[in-house]
Amino acid sequence: MDKLQLDQHISKQFDADLEDLKSRMLEMGGLVERQVADALRAVEAGDSELALKVLENETAVDRLEVSIDEEATLLIARRQPAASDLRMVMAVSRCVRDLERVGDEAKKIAKMAIQLSEEGGAPKGCVEVRHMGQQVQQMLARSLDAFARFDAEAALAVLPEDRKVDLDFKSAIRELVTYMMEDPRSISRVLNVLWTLKAVERIGDHAKNICEQVVYLVRGRDIRHTEITS
Amino acid sequence: MKRDPQSENPATAAIAQQGGVPATVGEPFVAEPKMSVRGANVFYGEKQAIFDVSLDIADREVLAMIGPSGCGKSTFLRCLNRMNDTIEGCRVEGRFTLDGEDIYDPRMDVVELRARVGMVFQKPNPFPKSIYDNVAYGPRLHGLVNHRSELDELVEQSLRRAGLWDEVKDRLHQPATGLSGGQQQRLCIARCIAISPEVILMDEPCSALDPIATAKIEELISELAENYAIAIVTHSMQQAARVSHRTAYFHLGRLVEVNATDRVFTAPEHELTEAYITGRIG
């Protein structure tokens with residue numbers, strides 16, 4: 001079964017509750033996407049004001065996680081969802097956790113942005129941050145899109161992207177290590193770039209997790225920790 | 001009731017013309033079935049209630065049968081110990097076996113069959129006798145014991161297995177009708193297991209009980225499954241999910257899906273099962 005309908009319950013309230021759960025998760029997804037975009041822009045532009053805004057918004061992301069999770073718990077208690085409804089609730093609950101962690105990574109990137117701007121000047125490795133940043137932002141957008149449309153195919157298509165990001169991360173590390181060996185005075189600044197890249201790479205992992213939940217939701221198959229790609 | 005395996009039924013033929021009865025999805029068959037049904041069709045007069053159902057029940061498993069009212073799950077259950085024999089105008093086709101033995105064979109002793117395939121009903125139906133006599137009734141009837149002491153032991157053992165002994169041991173000779181609903185149902189289960197059945201059929205055994213009594217019966221079902229094959233019809237999907245190993249979903253007289261219960265309640269194979277489980281059809 002590769003189609004998913006969340007409406008047409010005998011109980012219209014149940015339809016509404018599930019729909020609400022989904023749309024609130026997507027709302028949180030939108031907020032997190034903006035956090036990531038702002039944090040990365042702050043690094044690139046050395047904009048510490050923007051970075052501070054990201055830090056402020058972080059609490060909103062955390063609050064959404066708690067309240068959506070509570071909504072999911074209540075829905076389980078009230079409706080005892082089964083089959084696709086149950087998978088929907090579980091998937092939302094898991095994705096919300098991943099989104100919250102993406103929010104944490106955005107916060108880390110924003111903190112680095114502040115430090116980097118204090119140190120002044122574009123550090124080495126900024127190209128890598130921009131490149132990988134674009135990759136994971138796309139992954140995140142596509143994973144949320146796949147969730148919104150219950151599109152398992154689209155979700156599976158995102159998975160290979162994560163491997164690309166991982167490879168890029170490895171090669172960026174090699175490059176940054178070379179910088180540090182060439183110029184030991186740059187070590188602390190390059191390390192900040194490295195932590196930023198690590199945070200970006202983690203965002204890719206979370207986007208991948210969301211895609212796996214889309215496959216679980218739509219097809220009822222748990223592909224976590226497997227090699228399944230189709 | 002008549003049974004004629006060879007008869008060509010117009011309703012079945014009509015469905016065959018429309019492309020045949022849709023095959024059951026999932027795993028209706030097991031390697032070593034305790035009971036086995038192939039090609040079951042059941043009619044009430046002209047009306048067909050069951051269409052070409054094939055299904056196995058394994059030993060020591062709990063098979064739950066679910067589906068909307070009128071889907072044929074109770075009718076099917078009642079075929080398994082020939083309870084439908086008593087219904088005027090009911091006709092059963094197909095092959096039903098218990099340990100490979102045809103239970104509709106004319107030489108089959110129906111009383112003996114029902115001792116081997118016991119039944120627990122929706123409403124507790126204790127006999128208007130004492131608690132003791134309710135349980136002792138079957139063993140006496142079937143001549144299972146020779147001495148009073150043996151009978152005492154059997155009654156105690158059955159009541160213990162049904163989880164009722166501690167509640168009734170001091171009032172064994174008081175009328176069974178004085179027990180609560182949940183106790184009465186457990187008494188009926190004790191009565192059923194007193195004659196050492198091989199299969200226990202349960203037709204919505206908890207629908208007249210409160211949640212605590214229901215939990216006790218469900219606990220009991222899990223324990224009984226260590227020794228018996230159990231087929232249970234239930235309207236409570238949570239109950240099916242809790243107590244059964246496999247779940248069979250019936251819809252309009254057809255067996256739509258049989259799968260491991262864990263699978264049915266998380267990712268059912270058929271969209272009709274999905275629709276019913278998630279509360280989209282009722």
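The values are calculated or read from the model by the stated rules, or taken from the named source; none is laboratory data. Since the model is a prediction, treat every value here as computed from it, not as a measurement. Here Cβ is always computed from backbone atoms with ideal geometry, including for glycine, and neighbour counts include all displayed protein chains.
The set of residues from the range A:10-32 being more than 14 Å from every other protein chain (Cβ to nearest Cβ) and either polar (S, T, N, Q) or touching a Leu at 6+ places or on another chain (Cβ under 6 Å) (or both) comprises A:23, A:28, A:29, A:32.
Kindly indicate the residue of the range B:262-282 that is more than 7 Å from every other protein chain (Cβ to nearest Cβ) and surrounded by fewer than 24 Cβ atoms within 10 Å (Cβ to Cβ) and also nearest to residue B:215 (Cα to Cα) among those meeting that condition. Among them, the one singled out is B:262.
Being without any contact (Cβ under 8 Å) to a residue 60 or more places away in the chain, part of a helix (DSSP H, G or I) and not aromatic (Phe, Trp, Tyr): is that true of residue A:38 here? Lay out the reasoning, then the answer.
Numbers: without any contact (Cβ under 8 Å) to a residue 60 or more places away in the chain: no; part of a helix (DSSP H, G or I): yes; not aromatic (Phe, Trp, Tyr): yes.
Taking the combined requirement at face value, the residue does not satisfy it.
Exactly one residue among A:43, A:32 is β-branched (Val, Ile, Thr) and closer than 16 Å to residue A:147 by Cβ, and that residue is A:32. Filtering A:52, A:86 for residues that are crowded, with 18+ Cβ neighbours inside 10 Å and part of a helix (DSSP H, G or I) leaves a single hit, A:86.
Evaluate the following for residue A:104: is it assigned to a helix (DSSP H, G or I), more than 14 Å from chain B (Cβ to nearest Cβ) and over 19 Å from residue A:27 (Cβ atoms)? Give the derivation first.
Values: assigned to a helix (DSSP H, G or I): yes; more than 14 Å from chain B (Cβ to nearest Cβ): yes; over 19 Å from residue A:27 (Cβ atoms): no.
The answer is no for residue A:104.
Condition check: within 14 Å of another protein chain (Cβ to nearest Cβ), in contact (Cβ under 8 Å) with a residue 12 or more places away in the chain and either over 26 Å from residue A:145 (Cβ atoms) or within 13 Å of the chain's Cα centre (by Cα) (or both). Does residue A:79 satisfy that? Yes, satisfied.
Note on the range A:155-197: residues that are under 23 Å from residue A:30 (Cα atoms) and free of Cβ contacts under 8 Å to residues at least 40 places away in the same chain amount to 2. Filtering B:212, B:277 for residues that are modelled with pLDDT under 95, over 29 Å from residue B:138 (Cα atoms) and of a type outside the set (S, T, N, Q) leaves a single hit, B:277. Could you please let me know if residue B:189 is surrounded by fewer than 21 Cβ atoms within 10 Å (Cβ to Cβ), hydrophobic (A, V, I, L, M, F, W, C), on the phi < 0 side of the Ramachandran plot and more than 11 Å from chain A (Cβ to nearest Cβ)? Taking the combined requirement at face value, the residue does not satisfy it. The number of residues in the range B:236-256 being within 14 Å of chain A (Cβ to nearest Cβ) and surrounded by fewer than 24 Cβ atoms within 10 Å (Cβ to Cβ) comes to 7.
Going by what's in this entry, would residue A:7 be described as within 13 Å of chain B (Cβ to nearest Cβ), within 30 Å of residue B:257 (Cα to Cα) and not in a helix (DSSP H, G or I)? Even if it seems obvious, please write down each step before you answer.
Numbers: within 13 Å of chain B (Cβ to nearest Cβ): yes; within 30 Å of residue B:257 (Cα to Cα): yes; not in a helix (DSSP H, G or I): yes.
Spelling it out, residue A:7 is indeed within 13 Å of chain B (Cβ to nearest Cβ), within 30 Å of residue B:257 (Cα to Cα) and not in a helix (DSSP H, G or I).
Could you grab me the full set of residues in the range B:158-178 that are surrounded by fewer than 24 Cβ atoms within 10 Å (Cβ to Cβ) and not in a helix (DSSP H, G or I)? Listed by number, the residues that qualify are B:163, B:172, B:173, B:174, B:175.
Table: residues versus (1) among the charged types (D, E, K, R); (2) under 16 Å from the mean Cα position of the chain (by Cα).
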site	(1), (2)
A:161	yes, yes
A:168	yes, no
A:174	yes, no
A:181	no, no
A:185	yes, no
A:190	no, no
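Looking across B:254, B:242, one residue alone is in contact with a Pro (Cβ under 9 Å, 6 or more places away or on another chain) and within 27 Å of residue A:6 (Cβ to Cβ). It is B:254. Only one of the numbered conditions (1) within 14 Å of chain A (Cβ to nearest Cβ); (2) in contact with a Cys (Cβ under 9 Å, 6 or more places away or on another chain) is not met by residue B:259, and that is (2).
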